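Below is one structure, written out as structure tokens; the observations come after it.
Readers should treat all values here as calculations from the given coordinates under stated rules, not as data from a laboratory. Treat the numbers as computed from the prediction; the structure is a model and nothing was measured. Every residue, glycine among them, receives a Cβ derived from its backbone with ideal geometry; neighbour counts consider all protein chains shown.
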Amino acid sequence: MKDKQLINEVNHINQMQAQLIEDMANNQKQMQKIARRAWEVQEKERKSIALELHDSVGQLLTAAINQLVNAQQQDQSVDQEGLLELLKTALSETREMCRLMRPRILDDLGLLAALNWLVRTMSDKDDITIDFNHHISQPLSPEIESLFFRVVQESLTNVIKHAQASHAEVMLMTQPTLAVVKITDNGIGLPEELGDGFGLSSMQDRVFAYGGKLKISSGDDGGTQIWVTLDLVEQDQ
């Protein structure tokens with residue numbers, strides 16, 4: 001009887017060990033996928049920045065150089081006003097790119113100011129009304145503020161590019177143990193198959209890295225809702 005009990009215990013331990021090994025292998029695969037997607041996102045961002053620099057700032061600077069070269073070759077005076085306007089535009093577009101990549105206002109004044117700036121900037125540039133509502137009862141760490149800013153930025157970019165929406169709303173709420181971000185729009189909803197152009201994989205990876213949950217849904221009458229919930233207690237452990 002004791003031998004049978006011992007055998008059962010040994011078998012149980014072996015099963016637990018096998019399950020643990022399987023879980024570790026699955027976790028390793030999951031981490032590899034996340035690392036691979038993070039690298040892919042980084043490469044896409046670099047490609048996007050390179051294209052923006054080439055197509056906007058690069059062309060403006062090329063035009064300015066051509067004006068100087070032509071004036072020098074033809075021994076003519078330079079159109080100083082036109083040249084100055086080209087350089088001002090190049091500088092403005094460079095600053096705009098820098099702000100979108102990492103707005104200083106996020107570091108200097110915090111998440112609320114940064115989201116207000118983001119909503120205002122996107123509303124001004126595109127034909128869409130964006131409202132921002134918040135109820136903050138718990139301060140957030142700089143890392144969580146960066147996470148929420150990127151989630152909202154990516155979500156609103158998707159709304160503007162794909163949703164054909166006229167209105168969107170961003171809601172941020174914090175409680176002592178929970179933080180929630182919700183982005184909604186009145187657009188056409190999500191397609192049945194989501195391509196890489198929506199940036200959802202990078203958004204999921206960002207949220208997953210902090211132990212949060214991301215939920216995306218579309219209503220029967222259109223529109224999309226994006227929920228991100230984060231357990232703030234976990235962040236302190």
* Work out how much length Gln5 to Gln67 would gain on full extension: take 0.36 nm times their residue separation and subtract the Cα-Cα distance, in nm to one decimal. => 13.2 nm
* At a Förster distance of 22 Å, what's the computed FRET efficiency of Ser218 paired with Asn26, Cβ-Cβ distance as r, to 0.05? -> 0.15
* Structure fact -> Residue separation between Asp205 and Glu96 times 0.36 nm, minus their alpha-carbon distance, gives in nm 36.6 nm
* Sorted from fewest to most neighbouring beta carbons within 10 Å, what does the list Met203, Met173 look like? -> Met173, Met203
* **Stretch gain in nm, segment Leu178-Arg120, where the contour uses 0.36 nm per residue and the Cα spacing is subtracted** => 18.2 nm
* At a Förster distance of 25 Å, what's the computed FRET efficiency of Gln59 paired with Asp107, Cβ-Cβ distance as r, to 0.05? -> 0.25
